[in-house]
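Enquirer: My questions will all concern the structure given below.
Derivation of every value follows stated rules applied to the coordinates shown; laboratory data play no part. Please read all numbers here as calculations on a predicted model, not as lab measurements. Cβ placement follows ideal geometry from the backbone for every residue including glycine, while neighbour counts extend to all protein chains displayed.
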Ligand code: PGA
């Protein structure tokens with residue numbers, strides 16, 4: 001059976017008015033055009049849908065059945081238009097967003113701001129490490145991600161929105177705390193608490209150590225920044241973490257930053273999505289919101305300057321503000337380190 005939407009809407013109009021002439025008027029068509037479409041529909045189903053008595057038409061039993069379906073289908077078609085309009089106005093839909101574990105510590109503020117602005121849009125927030133996020137993006141299981149600058153070989157669109165300085169943190173009473181400057185090599189004997197393989201923070205640290213030809217003594221590996229901070233505080237070792245994660249601990253003098261040459265290492269966070277897929281209305285609104293209000297994710301009490309350029313460069317500046325030439329961990333580096 002071959003039935004078109006056009007035939008159904010013409011039939012429904014004729015049934016509503018019990019008149020081919022009135023249907024023609026309503027739909028701005030000629031009466032022969034209406035008659036022809038109804039006839040084709042009757043031919044398709046193999047039964048008359050109207051009985052005809054001069055100008056008057058009346059639904060047959062098959063016509064009554066057809067009318068029920070025609071009304072339901074034309075209503076659904078109108079609904080499609082409505083849903084599309086809603087999506088345009090972001091009155092509904094779903095935001096499928098992912099963040100790295102580190103960004104996830106503050107992402108709720110961005111999600112809350114989005115939710116307040118678009119209360120009809122559901123939000124699915126996936127918080128996991130860099131490697132897992134790249135996989136989710138590749139499988140199109142999420143639409144948009146907040147993370148460190150992504151690798152170049154993935155056909156991703158990335159716009160950096162906030163600096164992410166990495167600092168060496170130690171328990172507050174650490175003997176190197178008050179030194180003017182500490183060389184990276186002096187840390188070789190310190191036990192280090194590291195994030196898990198797949199973490200962007202860890203990948204950056206590994207790239208940096210490789211470039212400087214320093215090997216770290218890894219004490220413990222943990223998947224959580226919170227656990228790392230607590231382990232440092234408990235004296236289990238030192239760590240390199242995003243400064244965004246340690247504001248409170250520094251203020252409370254539970255942790256201190258060690259004045260290591262080359263730190264803070266400046267990375268950046270970016271809004272990332274597949275370059276070859278049209279962004280959903282919700283993801284596109286979220287992207288605009290984060291780029292326009294990076295302070296939503298900025299927990300630093302001091303203002304952070306944005307990186308110039310696309311953020312792919314890892315810039316190192318020593319404690320005197322002098323920049324040091326170290327290959328970025330995110331480039332196909334001379335250092336041989338690639339983010340995963
Ligand atoms: P991750 O994040 O270490 O939590 O994977 C790194 C980043 O966002 O740069």
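Enquirer: Give me the distance in nm between label points sitting 7 Å out from Cα along the Cα-to-Cβ direction at residue 58 and residue 284, one decimal.
Expert: Those two pseudo-labels are separated by 5.3 nm.
Enquirer: Let me ask another. For a quick check: sort 20, 248 by the number of other beta carbons within 10 angstrom, fewest at the front.
Expert: Ranking 20, 248 by Cβ neighbours within 10 Å, fewest first, gives 248, 20.
Enquirer: While we're looking at this one, here's another question. Once you've got the GNM for the chain with C-alpha springs shorter than 10 Å, pick whichever of 264, 294, 175 has the biggest mean-square fluctuation.
Expert: Result: 175 has the largest fluctuation of those listed.
Enquirer: Counting alpha carbon pairs within less than 8 Å and at least 6 residues apart, what relative contact order, in whole percent, applies to the chain?
Expert: 20 percent
Enquirer: Continuing with the same structure: Using the Cα gyration tensor of region 147-276, with a ≥ b ≥ c the square roots of its eigenvalues, what is the shape: rounded (a/c below 1.5), prolate (a/b larger than b/c) or oblate (neither)?
Expert: Cα axes put region 147-276 in the prolate bin.
Enquirer: For a test of the definition: using alpha carbon positions, the gyration tensor, and the 1.5 limit on a/c, classify the chain as rounded, prolate or oblate.
Expert: In terms of gyration-tensor shape, prolate.
Enquirer: Need one number: % antiparallel among DSSP beta bridges in the chain, to the nearest 5.
Expert: 60 percent
Enquirer: Give the shape of region 1-66 as rounded, prolate or oblate, defined through the alpha-carbon gyration tensor: a ≥ b ≥ c are the square roots of its eigenvalues, a/c under 1.5 means rounded, and otherwise the shape is prolate if a/b is larger than b/c and oblate if not.
Expert: Oblate, because a/c is 1.5 or more while a/b does not exceed b/c.
Enquirer: Another one. Which angle from 0 to 90°, rounded to the nearest 10, does the C-alpha axis of helix 5-17 make with the longest principal axis of the chain?
Expert: Computed tilt is about 50 degrees.
Enquirer: Can you compute the helix-only [θ] at 222 nm over the chain? Use -39500 (n - 2.57) per DSSP H run of at least 4 residues, normalise by all residues, nearest 500 deg cm²/dmol.
Expert: -12000 deg cm²/dmol
Enquirer: Sticking with this structure for a sec: Looking at the P(r) of region 183-223, how many percent of alpha-carbon pairs lie beyond 16 Å?
Expert: 32 percent
Enquirer: Cut-off is 10 Å between beta-carbons; in what order do 55, 229 appear when sorted fewest neighbours first?
Expert: Neighbour counts put them in this order, fewest first: 55, 229.
Enquirer: Among 74, 94, 60, which one shows the highest mean-square fluctuation when the chain is modelled as a Gaussian network with alpha-carbon springs under 10 Å?
Expert: 60
Enquirer: Of the candidates 84, 66, 105, which one comes out as most mobile in a Gaussian network treatment of the chain with C-alpha springs shorter than 10 Å?
Expert: For the chain, modelled as a Gaussian network with Cα springs under 10 Å, the answer is 66.
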